Amino acid sequence: MKNLIRICILIIVAAVYSCDDPYKDETFAVYNMQPISSYLSTRPDDFSEWIKVMKYADMYNAVNQATAKLTLFAPTNRAMEAFYQEKKVSSVEELGKVYVRQLVQYHLVNDTITLEEFSKGGELEDKTLSNDILEVTFNADDASEGGFNSMYMNGEAHVKELAIHTSNGFVYVLDDVMRPMVESVYQKFFENNKNNILAEALKRTGWHDTLNIIADTITMPDGTKQEVRRNYTILGVPDDVFQREGISSCDDLVKKLGAGEDYENKNNALNRYAAYHILNGRYKVDNLKKFDVDTVATCKIWGTACENAAIKISKEADGNYYLNYDGGSEMKAVFRESDCDYQTKNGYIQQLEGLLPVCKDLKPFILYWDLADYPEVANYIGSNGADGQIFQQEIDAKTEPSTELKDAKLSCYEYKVGSQGMPESNFGNLAYRTLRSNSNYDNQDKTRRFLHGDLLTVSLGYKGWVEMKSPVMIPGKYKVTLRYFYANSMKNFRSYGSGSNGGQIDVEFTEMEKAGSVSRLLYSSLPDDKDANGNYLVTMGLFDTVLYDVVEIPDMKEYTMRITLNDPAASISKDFRIQVDYILFEPIN
C-alpha cells in the first residue's frame, strides 16, 4: 500500500512539473520572494513560536542569509504547544540553549530539497545541520485524504505543506515537532522496556560501551581533525520471545547458554550470543532484505560483532525472509515487521521473532565480496566523502567523485607503499570512487554494471600491497573470480608501455596455505582486437579473471586477502592503478 501511495505521489509531481505554463517566456518582477526567516515572519499565526525558537538558538539570521541554500522543516504554533506540553515546559527558555540549538539544527538541511526529490520517499540524501539523517515515510492510514496528506518525517511528524519556495530555499510545514536523535542505539534499546533480557546481556558483556559510541575523531596527516560516525544495528529479541522459551531473566539466558562468569571474554557463550545480535552499520529492514544481485541471488551473508560467526538472510520458497533458515526451527528467525526500523543517533533497532542463537550450520552459496563494502568506509564517506558522493549510490553527474582513503586510518585496509615509492596518482592511491549512472562502462557488454555503483582504486607503487578481510566464509569448495574495471587511459599498460609488464598483480589468501599465491596480468590479457587504424575495439569494460578454479574454505571465519602490485609501472606512471569491483565465490558441489 505504501509503495502504491509513493507511486501516485510521483505521478502527481511529474504532472505538476510537466504542465505548460501559460505565462512561459514572460518576464515578471517578484516582490514577495523572501528568505526563509522573513517568510515565516509573514505568517505569525502559524510560526511565531518557531521564530522565537530560532532566535533563542541564535539561528534566525543564519536561516535568513540571502546567499544560503537551505531547507527548513518548520513546526506550526500548535505543534510547538504540544511539544512544550510533552516536555513539561511552558516556554522555549526552559528547554535550555544547547538543546534548542540542536532542535533547530535537526530541522534544517544545508541544501535545497525540491518537491520532486522529497516525494521519492526514503532517507534524504543530505543530512541535517546536526549531522543526522531524515526520512520521508508514507502512512497508508492517511491515504484516503490524498497522497500528499500521507507524508511524514521520520514517521512522527506529519507534513502539512510542501516545498514552499523562498529566495534561499524551501520550507516544509510540519504538524508535529521532530525529536532530535540524541540517544545511542543502546540507550534506546535499554529504555524501550521490551528487550530487558538482551539489554542486560549487552551490559554484562561490555558491548553496551561500544554501542554508546556516536563518533570517533581522527587526525589527518596535515593535522586537521575529522569526525567519523559509528553506526550499529541491534537485532533485538523481545522479552516475550525469551519467555516462550522458558527464559525470564538474563540469569536464565546464562544457564541456557552454559556460559561461565567471565562475560567480557569474547569466547564466553553469553558474550558471543550478545555480539551475534550486533551488525556493524546502520541497516533498515529493507536494506537487510536486499541481495547483491537481486535478479539472481536469494540470500546474503552478514557479518556480526561475534568472531567467526555470520547470519544468513534468505528469501525462501514461501516468500518470507528468514535469518539462518538452514539451521532449522531452533536456529531460524524472522523480522517482527511491525516492530522494526527504530532509528537512533547511531543506528537502528530491528526486533525479531526467534532467539537467533549463534549458528554454524549454514550451507555454502554464491557470495559477492565487494572490496569497498565495509561499514568503516560507509561511515567515512558519509562524514567526509567528496561533494555529491553517497556510499554505494551512482551519481547523475559529469564527473565521478573519488575520496582518498589512504590516510583515513580505516582498520578494514592494511597497506604498504612499494619500496620504489609511488607517484602522485591521478586517481588516488587507495580511493573510493562512485560511478556515473548516465555512463556506459562496458563497450563489449552493455548489460553489465558495477555491483554497488562503486569501486576501489589501488595505486601504491611497485611491490606495494593492500590487505583486507573477507566476509565470514562458509566452509566448502569454491571457484574464485575477480572482477575489475579497465578504462582507455590504461591502454599504455595493455601494450607494455611505461615499463609495464601488462598489469601484473599477485593475489594471496594468507590463512589458506594450500591455495597459494596466484599472478594475473590484468591488462595485457584483454581482447587484442583492433580497428583499421590500430586502435583497440574494447576501450573500457568490466572484466573477469579466475583466481582459483578450486579453493577449499576449511573453517567458518574471515580470511585475509593481499593484493600486491607487481608491475614496475606502478612506481613510474601517474595513470597506473587497478580498479576492483568484487570477488565472486561460487560453490562447487
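The values are calculated or read from the model by the stated rules, or taken from the named source; none is laboratory data. This structure is a prediction, so every number in the text was calculated from the model and none was measured. Cβ coordinates were reconstructed from backbone atoms using ideal geometry, including for glycine residues, and neighbour counts include every protein chain displayed.
For region 59-143, which fully contained helices (runs of 4 or more DSSP H) count at least 3 residues that are assigned by TED's automatic domain parsing to the domain that holds Ile36 and more than 24 Å from the chain's Cα centre (by Cα)? Outline the logic, then answer.
Numbers: elements: 60-63, 77-87, 97-106, 115-118.
Answer list for region 59-143: 60-63, 77-87, 97-106.
How many residues does region 486-517 contain that are under 20 Å from Ile553 (Cα atoms), at pLDDT 90 or above and more than 32 Å from the chain's Cα centre (by Cα)?
Narrowing region 486-517 to residues under 20 Å from Ile553 (Cα atoms): 506-517.
Applying the additional criterion that residues be at pLDDT 90 or above yields 506-509, 517.
Filter again for more than 32 Å from the chain's Cα centre (by Cα), leaving 517.
Qualifying residue count, region 486-517: 1.
How many residues does region 461-506 contain that are free of Cβ contacts under 8 Å to residues at least 60 places away in the same chain and within 17 Å of Ala372 (Cα to Cα)?
Result for region 461-506: 0.
Give the residue, chosen from Ser119, Ser167, that is of a type in the set (Gly, Ala, Ser), modelled with pLDDT of 85 or more and surrounded by fewer than 17 Cβ atoms within 10 Å (Cβ to Cβ).
Working: Ser119 fails: surrounded by fewer than 17 Cβ atoms within 10 Å (Cβ to Cβ).
One residue alone meets the criteria, Ser167.
Consider Ala15 carefully, then state whether it is at pLDDT below 95 and under 33 Å from the mean Cα position of the chain (by Cα). I'd like the intermediate steps shown before the answer.
Details: at pLDDT below 95: yes; under 33 Å from the mean Cα position of the chain (by Cα): yes.
Taking the combined requirement at face value, the residue satisfies it.
Any residue at all in region 528-537 that is surrounded by 18 or more Cβ atoms within 10 Å (Cβ to Cβ), assigned by TED's automatic domain parsing to the domain that holds Gly382 and of a type outside the set (Phe, Trp, Tyr)?
No - not one qualifying residue is present in region 528-537.
Of these, Tyr342, Tyr321, which one is surrounded by fewer than 21 Cβ atoms within 10 Å (Cβ to Cβ) and at pLDDT below 95? Even if it seems obvious, please write down each step before you answer.
Working: Tyr321 fails: at pLDDT below 95.
Sole residue among the options that is surrounded by fewer than 21 Cβ atoms within 10 Å (Cβ to Cβ) and at pLDDT below 95: Tyr342.
Kindly indicate the residue of region 190-217 that is acidic (Asp, Glu) and without any contact (Cβ under 8 Å) to a residue 12 or more places away in the chain and also farthest from Gln343 (Cα to Cα) among those meeting that condition.
The initial filter retains those residues of region 190-217 that are acidic (Asp, Glu), namely 191, 200, 209, 216.
Subset that is without any contact (Cβ under 8 Å) to a residue 12 or more places away in the chain: 191, 209.
Details: Glu191: 14, Asp209: 19 Å.
Across region 190-217, the extreme among qualifying residues is Asp209.
Tell me which of these Glu337 doesn't satisfy, since it passes every other one: (1) over 16 Å from the mean Cα position of the chain (by Cα); (2) farther than 30 Å from Gly236 by Cβ; (3) exposed (fewer than 15 other Cβ atoms within 10 Å of the Cβ).
(2)
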